[in-house]
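The values are calculated or read from the model by the stated rules, or taken from the named source; none is laboratory data. The structure displayed is predicted, hence computed values, not measured ones. As a convention, Cβ positions derive from the backbone with ideal geometry for all residues, glycine included, and neighbour counts pool all protein chains shown.
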Amino acid sequence: MKIQRRSFAAQLIGVLAIAALLVLAVVFVRMGTVSAETVRSASGQVAASGQPAALGGADSPQMVGPHFVFPIRLTDAQWRARLTREQYYILRERGTEAPFTGKYWNNHADGTYYSAATGQPLFSSKDKFDSGTGWPSFTRPISPGAVKLRVDDSFGMERTEVVDSLSGSHLGHVFDDGPPPTGERYCMNSAALIFVPTGGTPPTELSPKEAP
C-alpha cells in the first residue's frame, strides 16, 4: 500500500508539473514585448498569436536595420536626465511594464499619444482598441513616418519591434492579429507614451537641432 500511495503521489506531482509547464508554454508562445527582467518575473506582453506582423507597402512604417542612424542621438547620461527611471527602462533598455498596470491600457479618452522620449505624435485614440492583453493597443500609427520597425530576435523569438522614428526609442511590438481595417496590433508600453486629450497642449517635440 505504501508503494502504491507513493506511486500515486509521484504520478500526481508529475501531472501537476506538466500542467504548469503547459501553462508557461502558452504564456510564452503568446508573448509580445518582453525583457530579461520580465521573463524572470514570469510576466510578459501577451500576443494573441505571437506572430510578427508582415508589414509592407507605401502606407506601412519603414523597416530599418540595426545600424540605422536616427536623427536624435543623446548620450546615456542625457537620456537618464530627461526620462524617469521607468521611462528609461522601457524606452532605452527595451523593457516591459507588467500587464494591466500601465497608465493607458484602459484609457478611453479622445486624444493623441506622444513619445515620452521625443514628444513626437505616435498614435491617435481613434485607432486604439481593447486587445485584452493589458497594454495599450492600436491598429496603426498616426502616420507611417511616426515609427520605425526593427527585427527583434531576442529570447528565441522573431518579432517586429516598434520604435519612435526620431530617436529609435523602444515602444513595443506589432503583431498581425489586430482588428480591421489593418489587421495589425501595435502593442505599446504606457510608460513609453504621453497622452494628451483633444484640445490639450502637446509636449514639446525634441528636434535634432535642440538635442543637448
Q | Failed item, numbered, when THR118 is tested on (1) among the β-branched types (Val, Ile, Thr); (2) buried (at least 21 other Cβ atoms within 10 Å of the Cβ); (3) outside any loop (DSSP other than H, G, I, E, B) | A | (3)
(Q) If ILE194 satisfies all but one of (1) of a type in the set (A, V, I, L, M, F, W, C); (2) touching an Asp or Glu at 6+ places or on another chain (Cβ under 8 Å); (3) in a strand (DSSP E or B), what's the number of the condition it fails? (A) (2)
Q.
I'd like the full set of residues that are more than 10 Å from TYR104 (Cα to Cα) and surrounded by fewer than 20 Cβ atoms within 10 Å (Cβ to Cβ), limited to the stretch 188-202.
A. VAL196, PRO197, THR198, GLY199, GLY200, THR201, PRO202
Q: Please identify the pairs in which a residue from the stretch 174-191 that is in a strand (DSSP E or B) has its Cβ atom under 6 Å from the Cβ atom of a residue that is among the polar types (S, T, N, Q) and buried (at least 24 other Cβ atoms within 10 Å of the Cβ), counting only partners at least 6 apart or on another chain.
A: ARG185/SER137; CYS187/GLN45; CYS187/SER137
Q: Tell me, yes or no, whether the stretch 142-151 has at least one residue that is of a type in the set (Ser, Thr, Tyr) and in contact with a helix residue (DSSP H, G or I) (Cβ under 9 Å, 6 or more places away or on another chain).
A: no
Q. Name the residues in the stretch 62-109 that are closer than 21 Å to VAL151 by Cα, of a type in the set (Gly, Ala, Ser) and surrounded by 13 or more Cβ atoms within 10 Å (Cβ to Cβ), would you?
A. GLY95
Q. Could you say which residue among THR133, THR160 is in contact with a Pro (Cβ under 7 Å, 6 or more places away or on another chain), in a strand (DSSP E or B) and buried (at least 20 other Cβ atoms within 10 Å of the Cβ)?
A. THR160
Q) Would a scan of the stretch 70-77 turn up a residue that is modelled with pLDDT of 95 or more and assigned to a helix (DSSP H, G or I)? A) yes
